1. Tell me the residue from T184, T172 that is free of Cβ contacts under 8 Å to residues at least 12 places away in the same chain, surrounded by 12 or more Cβ atoms within 10 Å (Cβ to Cβ) and either closer than 26 Å to T28 by Cβ or over 18 Å from the mean Cα position of the chain (by Cα) (or both), please.
2. With (1) within 19 Å of the chain's Cα centre (by Cα); (2) buried (at least 19 other Cβ atoms within 10 Å of the Cβ) as the list, and L139 as the residue in question, which single condition is left unmet?
3. So is F235 of a type in the set (A, V, I, L, M, F, W, C), in a strand (DSSP E or B) and not assigned by TED's automatic domain parsing to the domain that holds M36 or not?
4. L179 passes all but one of (1) part of a loop (DSSP other than H, G, I, E, B); (2) under 20 Å from the mean Cα position of the chain (by Cα); (3) in contact (Cβ under 8 Å) with a residue 24 or more places away in the chain; which number fails?
5. Between a residue in segment 75-95 that is of a type in the set (S, T, Y) and any residue that is in a strand (DSSP E or B) and crowded, with 20+ Cβ neighbours inside 10 Å, which pairs come within a Cβ distance under 6 Å, given they are 6 or more apart or on different chains?
6. Considering only segment 126-153, state which residues are assigned to a strand (DSSP E or B) and either in contact with a helix residue (DSSP H, G or I) (Cβ under 9 Å, 6 or more places away or on another chain) or charged (D, E, K, R) (or both).
7. Tell me which of these R149 doesn't satisfy, since it passes every other one: (1) more than 24 Å from T13 (Cα to Cα); (2) in contact with a strand residue (DSSP E or B) (Cβ under 7 Å, 6 or more places away or on another chain); (3) not aliphatic (A, V, I, L, M).
Amino acid sequence: MTKNASDRKDKQTRLILSIPYKITSADTDMNLRLRMSALSNLLIQSAINSAETLRAGFLDLEKQNLFWVLSRMTIEIDKPLVWNDSLEVETWPKDVKKIFYLRDFLVRNNEQNIVAKATSGWLAIDKLTKRPQTLKQELSDIFSELKDRHAINALPEKLFPVKEGEISELKTTYYDIDLNGHVTSIRYIDWMMDTFPVEFHKNNYPKKVSINYQNETRINETVQITRNTIDGKTFLFEGINRTRNLASFHGKIFF
């Protein structure tokens, strides 16, 4: 191996971050399985830690008057994790596609078997205009270094409006809101999962979850959720912010 090839391999290795976690009772549902929102949170926290390590974190983007927003995520689950399980989340910046900064994830159990994988698309949002922007070139270059390394060899799934189905409604409260002043990403997954009865959850666990975040949702706003099913196993969701008449999110869960 030449020195240049060796240096490039070392650089690529530094872009991959692995973080150990242990599932607590607060992370699980009443059947002791890892909640989908808790799994999503572990992925998001790993992404935050990775970005900070690469000097592309919250404080780094703040210097450019930008902040990260998760726009799309697709998670595939091979085996549910349960209370007291140890796991490791491996994540890396993968590529840049138009305005999306892509990031992938692998989740391994304590036997180092892959039990879940995910891909995600993030936006760098301007604090004033609320519009997506591009990062400085040296940061953008980081996101293309591992473009041939995939957890899921596809873009995060693009989802569409749901025209009809079962309808439920909720109002956002204080603990739905994150440090950016809008509903935190994982709450939308809880909202989708809460549309199913207890008995359904007892006998089913998601094999694949996709979500697209359309517009921010703020405190004390009313969200109408429409859920439809294709075949009794695949469910489509749309959240409409009735306070401001905007699409809030689109979701898809396959059991």
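1. T184
2. L139 satisfies all of (1) within 19 Å of the chain's Cα centre (by Cα); (2) buried (at least 19 other Cβ atoms within 10 Å of the Cβ) except (1).
3. Yes: the conditions hold for F235.
4. Here L179 clears every test but (3).
5. Here the result reads T91/F105, each pair linking segment 75-95 to a residue that is in a strand (DSSP E or B) and crowded, with 20+ Cβ neighbours inside 10 Å.
6. Passing the criteria: only D126.
7. Condition not satisfied by R149: (1).
Residues are listed down the side, and each one gets a yes or a no for (1) within 24 Å of K94 (Cβ to Cβ); (2) of a type in the set (G, A, S); (3) buried (at least 20 other Cβ atoms within 10 Å of the Cβ):
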{"position": "T24", "(1), (2), (3)": "no, no, no"}
{"position": "L32", "(1), (2), (3)": "no, no, no"}
{"position": "M36", "(1), (2), (3)": "yes, no, yes"}
{"position": "L42", "(1), (2), (3)": "yes, no, yes"}
{"position": "Q45", "(1), (2), (3)": "yes, no, no"}
{"position": "N49", "(1), (2), (3)": "yes, no, no"}
{"position": "R55", "(1), (2), (3)": "yes, no, no"}
{"position": "L59", "(1), (2), (3)": "yes, no, no"}
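The values are calculated or read from the model by the stated rules, or taken from the named source; none is laboratory data. Since this is a predicted model, take the numbers as computed values, not measurements. For neighbour counting, all protein chains shown are included, and Cβ atoms are generated from backbone atoms with ideal geometry for every residue, glycine included.
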